[in-house]
Amino acid sequence: AIHERAERDRVPYPLWQRQGHLETMRGRAIDKRYIVRRMAEITSTFDVQSVAYDRWRIEDLKVLLTEEGIDVTLQPWGQGYKIAHKLRTDNPVMTWCALNAVTTRDPAGSRKIAKDRSHERVDGAVGLAMAIGLHKREPAPKQSVYAGRGLVSLAG
């Protein structure tokens, strides 16, 4: 249905797919097993420390991950008010999602993406905000003592 959706949304989904910016799957509904298998490929290729998730319908995904034997640390991530960074991307899908995003502010002035106020798709921007937030929450890896001061030579 990518061509129908492209016409309806007036967005070049087929072009983005051909350019490698957008992954699609067959059929009209989301195949959760396809998503789980794709997660398995990604976690076997990259050193994925954890995956942020929205709590809505996560139990289905957890069951499928277990059934497929995929061990990945899942971190709950609410759609809170902690968006404060600027983003630069050359990915047209992410640019489109970011341009569609409408933000709201809490009393402290922090922002969040308001899906209900956005007129087009924003899921990519929301997912990216969750991933960046999770990365910032994770403890920084210990840096080698040699990275800061270099090697010391001992002459005997």
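The values are calculated or read from the model by the stated rules, or taken from the named source; none is laboratory data. These numbers come from a predicted model, not from an experiment. Cβ: placed from backbone, ideal geometry, glycine included. Neighbour counts: every protein chain shown. Accessible surface is based on the protein model in full, side chains and every heavy atom, while ligands, DNA and RNA are left aside. Shrake-Rupley method; radii C 1.70, N 1.55, O 1.52, S 1.80 Å.
Observations on the structure shown:
- Number of positions in segment 30-53 that are part of a loop (DSSP other than H, G, I, E, B) and free of Cβ contacts under 8 Å to residues at least 40 places away in the same chain: 5
- Some residue of segment 57-67 being at pLDDT 75 or above and not in a helix (DSSP H, G or I): no
- Qualifying residue in segment 85-100 (condition: at pLDDT 65 or above, within 19 Å of residue 35 (Cβ to Cβ) and open to solvent by 100 Å² or more (accessible area, probe 1.4 Å)): no
- Checked against (1) under 20 Å from residue 126 (Cα atoms); (2) in contact with a strand residue (DSSP E or B) (Cβ under 8 Å, 6 or more places away or on another chain); (3) at pLDDT 85 or above; (4) loosely packed, with under 15 Cβ neighbours inside 10 Å, residue 42 meets all criteria but (2).
- Whichever residue in segment 49-80 is among the β-branched types (Val, Ile, Thr) and open to solvent by less than 60 Å² (accessible area, probe 1.4 Å) and, among such residues, is farthest from residue 130 (Cα to Cα): 70
- Taking the numbered list (1) free of Cβ contacts under 8 Å to residues at least 40 places away in the same chain; (2) under 16 Å from residue 121 (Cβ atoms); (3) more than 16 Å from the chain's Cα centre (by Cα) in turn, residue 23 passes all entries but (3).
- Qualifying residue in segment 13-24 (condition: modelled with pLDDT of 85 or more, part of a loop (DSSP other than H, G, I, E, B) and among the acidic types (Asp, Glu)): yes
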